[in-house]
């Protein structure tokens, strides 16, 4: 199966092409570079593999939650490519991609959402390749975050940015911490293949980002209410 994937939910974007079990990928550092290089990187990957868009089985994209601009970019590029290739789209949660990368049976993912909040979700399975969502993606203040009972591998930037809060609160529930992990197109492609094999692709026009939070900034009154400055 041939899956092209785009992930741009954080500062470290990427594109990947999965052909059977082989992965070709390109990293895009810096959010400002995502829109400038993503199409050329996609073209380079397809050329390296000797494929056209019409030869793909699906296009997958990291739907978020994450940076709104990056999510819209990834979704738009995926829609355009899928329309051009007359193929379906796999909508993949960016937190799901981090959980797969963590390679553990119980993974709690938390990423920095800016504005004093984190995005989070919990995943559990018999092994890293069978993880299922047990707590859907949400957004909250680190002080309000709650882990489900039991031991969890912590993953994602939230545990780095909010280390003092989260490690203090959950030190007895964390079996380890991978705060260096960010969503990658490699895992988005792998998850996209599963979606394609399960017949769960969506039409390009129905693909949409997973924002979780509908605000990009607080008002002055909201900042003051949260203890910030005007």
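The values are calculated or read from the model by the stated rules, or taken from the named source; none is laboratory data. All values derive from a computational prediction rather than experimental measurement. As a convention, Cβ positions derive from the backbone with ideal geometry for all residues, glycine included, and neighbour counts pool all protein chains shown.
Restricting segment 100-116 to residues that are touching a helix residue (DSSP H, G or I) at 6+ places or on another chain (Cβ under 9 Å) and either under 9 Å from residue 153 (Cβ atoms) or not assigned by TED's automatic domain parsing to the domain that holds residue 163 (or both), the residue that is surrounded by the most Cβ atoms within 10 Å (Cβ to Cβ) is 108.
Taken over segment 142-162, the criterion of being assigned to a helix (DSSP H, G or I) and buried (at least 20 other Cβ atoms within 10 Å of the Cβ) is satisfied by 142, 158, 159.
What do you reckon, is residue 223 at pLDDT below 95, on the phi < 0 side of the Ramachandran plot and not in a helix (DSSP H, G or I)? No; evaluated as a whole, the condition is false for this residue. I'd like the full set of residues that are surrounded by fewer than 16 Cβ atoms within 10 Å (Cβ to Cβ) and either within 22 Å of residue 168 (Cβ to Cβ) or under 14 Å from the mean Cα position of the chain (by Cα) (or both), limited to segment 117-134. Once the filter is applied, which keeps residues that are surrounded by fewer than 16 Cβ atoms within 10 Å (Cβ to Cβ) and either within 22 Å of residue 168 (Cβ to Cβ) or under 14 Å from the mean Cα position of the chain (by Cα) (or both), segment 117-134 yields only 133. Just one of the numbered conditions (1) within 18 Å of the chain's Cα centre (by Cα); (2) touching a residue at least 12 places away in the same chain (Cβ under 8 Å); (3) in the same structural domain as residue 104 (by TED's automatic domain parsing) is not true of residue 212: (3).
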